[in-house]
Amino acid sequence: DSGVTQTPKHLITATGQRVTLRCSPRSGDLSVYWYQQSLDQGLQFLIQYYNGEERAKGNILERFSAQQFPDLHSELNLSSLELGDSALYFCASSVGWGDRGTQPQHFGDGTRLSIL
Amino acid sequence: KNEVEQSPQNLTAQEGEFITINCSYSVGISALHWLQQHPGGGIVSLFMLSSGKKKHGRLIATINIQEKHSSLHITASHPRDSAVYICAVTGDTDKLIFGTGTRLQVFP
């Protein structure tokens with residue numbers, strides 16, 4: 001058990017809809033990362049938050065947004081969903097920020113999003 | 001060309017065999033991570049290394065910074081080792097840059 005909790009585990013919705021994915025980081029971890037794993041693109045970094053502040057942005061679409069709350073949980077909001085957004089969305093957490101990945105990242109079990 | 005390349009893409013082995021998965025990268029790195037993804041989808045961090053060699057049970061990870069290459073070895077492989085093994089690197093930022101993964105199947 002990594003200590004990172006993601007909900008829901010599965011989400012099925014239709015094109016054009018909006019969904020929210022939730023992540024609770026491991027106790028003591030202040031950084032949260034969101035990654036997308038799709039069949040054609042593999043695993044890609046979306047965005048990182050540290051202690052409530054956005055710290056790095058990757059290949060995240062404008063239709064997607066995220067935030068980290070004072071209790072350190074994070075939410076990834078996906079809107080105007082398209083078929084191509086179907087993927088596994090992972091949250092990971094680590095202790096700090098700016099360590100250039102020299103601390104391990106602990107992954108949640110992912111949320112499988114299916115767009116019909 | 002991907003910044004992180006893995007080989008082979010697929011690997012089949014008999015129980016007990018010694019397995020090697022290779023990872024090459026083309027960028028300067030701060031650390032290299034080996035991850036395991038089980039059929040259910042969950043990802044587990046196996047190793048994080050920036051030099052030398054690390055061992056955990058039957059798993060050994062090595063890295064050669066000069067050659068920009070890392071290997072993951074599994075000794076005495078077992079069917080429960082069947083999974084996708086993913087190499088990832090970090091550079092100037094904390095974000096992971098992933099390889100495409102190696103799918104390993106170990107048969108009894």
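Annotations for the structure displayed:
- Pairs from A:LYS57/B:LYS68; A:LYS9/B:LYS68; A:LYS9/B:LYS54; A:LYS9/B:LYS53 whose Cα-Cα separation, in the structure shown, is over 31 Å: A:LYS9/B:LYS68; A:LYS9/B:LYS54; A:LYS9/B:LYS53
- Antiparallel content of DSSP bridges confined to chain A, in %, to 5: 90
- The A:LYS9 and B:GLU67 beta-carbon pair, evaluated with R₀ = 30 Å, returns a calculated FRET efficiency of approximately 0.15.
- Surrounding net charge for B:THR93, when Lys and Arg each add one and Asp and Glu each subtract one, Cβ distance under 12 Å: +1
- Put a plus charge on the Cβ of each Lys and Arg, a minus charge on the Cβ of each Asp and Glu, and nothing anywhere else: the dipole of the protein assembly as shown about its Cα centre is then about 280 debye.
- Averaged over peptide A:39-50, the number of partner chain Cβ atoms lying within 10 Å of each residue's Cβ comes to 3.
- Average projection area in nm² (convex hull over Cα atoms of chain A, one quarter of hull surface): 6.6
- Under the combined filter of DSSP loop state and at most 16 neighbouring Cβ atoms within 10 Å, the stretch B:10-67 retains these trypsin sites (Lys or Arg not before Pro): B:ARG58.
- Integer Hz, Karplus 6.51/-1.76/1.60 couplings in order for the stretch A:35-49, x for Gly and Pro: 10, 10, 10, 10, 5, 8, 9, x, 8, 9, 6, 9, 6, 10, 10
- Under the Karplus curve 6.51 cos²θ - 1.76 cosθ + 1.60, θ = phi - 60°, whole-Hz ³J(HN,Hα) for the stretch B:81-95, x wherever Gly or Pro sits: 7, 4, 4, 9, 9, 10, 9, 9, 10, 10, x, 7, 10, 7, 5
- Loop-resident GluC sites (Glu not before Pro) (DSSP state other than H, G, I, E or B) in the stretch A:1-89 with no more than 10 further Cβ atoms inside 10 Å of their Cβ: A:GLU62.
- FRET E, pair A:THR20, B:HIS38, Förster distance 25 Å, beta-carbon r, rounded to 0.05: 0.45
- The stretch B:15-28 - phi-based ³J(HN,Hα) in whole Hz, Karplus 6.51/-1.76/1.60, Gly and Pro as x: 3, x, 6, 8, 10, 10, 10, 10, 9, 10, 9, 10, 10, x
- Taking every DSSP beta bridge that has both ends in the protein assembly as shown, the antiparallel portion is near 90%.
- The distance between label points at B:VAL27 and A:ASP99 comes to 2.0 nm (points 7 Å beyond Cα on the Cα→Cβ vector).
- Among the chymotrypsin sites (Phe, Trp or Tyr not before Pro) found in the stretch B:2-47, those both in a DSSP coil and sparsely packed, with 15 or fewer other Cβ atoms within 10 Å of their Cβ, are B:PHE18.
- Averaged over the residues of A:56-65, the number of partner chain Cβ atoms lying within 10 Å of the residue Cβ comes to 1.
- Alpha-carbon centroid distance for the pair the stretch B:73-92 / the stretch A:1-32, whole angstrom: 24
Bear in mind that the values in this text are calculations on the coordinates, not laboratory data. All of these numbers come straight from a predicted model, not from anything done at the bench. Quick reminder, even Gly has a Cβ in these numbers, built from the backbone with ideal geometry, and neighbours come from all protein chains shown.
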